[in-house]
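The values are calculated or read from the model by the stated rules, or taken from the named source; none is laboratory data. All values derive from a computational prediction rather than experimental measurement. When we count neighbours, we look across all protein chains shown, and the Cβ atoms used for this are built from the backbone with ideal geometry, even at glycine. Heavy atoms of the whole protein, side chains included, go into the accessibility calculation; ligands, DNA and RNA do not. Shrake-Rupley method; radii C 1.70, N 1.55, O 1.52, S 1.80 Å.
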Amino acid sequence: MTNALDTYNKCIAALHLTCQIANEYDVRLWHIVEEHVPASHADLDSCDYACELDSAVSKIPFDSKIILRPHSLMQKIDEEVYLVKLQSTFRFADNVHDYFTLNGRSALFDGSLEELTATYTAPAVVLGALDHALYVSNKAELKDFGLAGFYESHLRDLAEERFAEFAALLPWLEHFWTRLSALEAEPQFAHLVQQLQVILPAIDQVHVYDFAKYKLLLQMAGNFSPLVNHLQLAKQQVAVSTP
């Protein structure tokens, strides 16, 4: 994988997790082969489980279908905690999707890429016959992420052409989901989600903003007020200058 494609993957991963956290996705694992999970230290076969999206809210537009990655093992990392490999087919809001797949057209599909597919790993707690919900939100730690299979070859050129842009955008996107993950108080969480509802429609402008200048302020304030104010001011200036 090239450095440019790796940076692109990290941008998509950070935004993917941002949407899942903001929308409070709840993925549930069901043990479907036996009545009880064997009391064993061995890794579990994902073929013994079904996976479904149990609940989600729609604070930020994001469509997702999540399944267990076929023929993968659940790696045991603690007494009752396993790493589960998930496969997600997803689509961001149209403006965000178009921004990340600009000129990413597929001759095979004879059109633009309608959705992205990615594989990532997250922890699940296995508690017997009815397995505990896997929260791919505040409680989940992103372990691994990569755009899957077919799409990689079609996005490689795009990633190379816009490497500097995505490299500048990446610190912001990673800051989005790490801030959301760190917040436990509901009012602060809701406030940050409201700010992201302003920021994401202007995703193509974020990479030109001076992240280094406001990084310390962001850590202290815990919100994106400077960026929101900057984007809203720019929008007002455009509106005034438009005849």
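Legend: calculated FRET efficiency, residue 165 to residue 65, from the Cβ-Cβ distance at R0 = 25 Å, rounded to 0.05, equals 0.30. When the Cα gyration tensor is reduced to axis lengths a ≥ b ≥ c, the ratio a/c is 1.5 or higher for segment 156-241, and with a/b not above b/c it is classed as oblate. Efficiency by 1/(1 + (r/R0)^6): what FRET value for residue 148 and residue 80, r their Cβ-Cβ distance, R0 = 41 Å, to the nearest 0.05? After rounding, the FRET efficiency stands at 0.90. Taking a virtual spin label 7 Å from the Cα of residue 232 along the C-beta vector, which residues in segment 192-215 bring their backbone nitrogen under 15 Å of it? Inside the label zone: 192-202.
Accessible surface comparison of 225, 153, 72, 58, probe 1.4 Å, protein chains only, largest first: the order is 58, 153, 225, 72. List, in the order given, every pair from 65/215; 10/213; 85/213 whose Cα-Cα distance in the structure shown is over 26 Å. As for pairs spanning more than 26 Å Cα to Cα, those are 65/215; 85/213. Model label sites at residue 50 and residue 178, defined 7 Å from Cα along the beta-carbon direction, differ in position by 3.9 nm. Put simply, when 44-56, 194-206 are sorted by average Cβ atoms within 10 angstrom per residue, most first, you get 194-206, 44-56. Residues in segment 156-241 average 55 Å² of solvent-accessible surface per residue, probe 1.4 Å, ligands and nucleic acids excluded.
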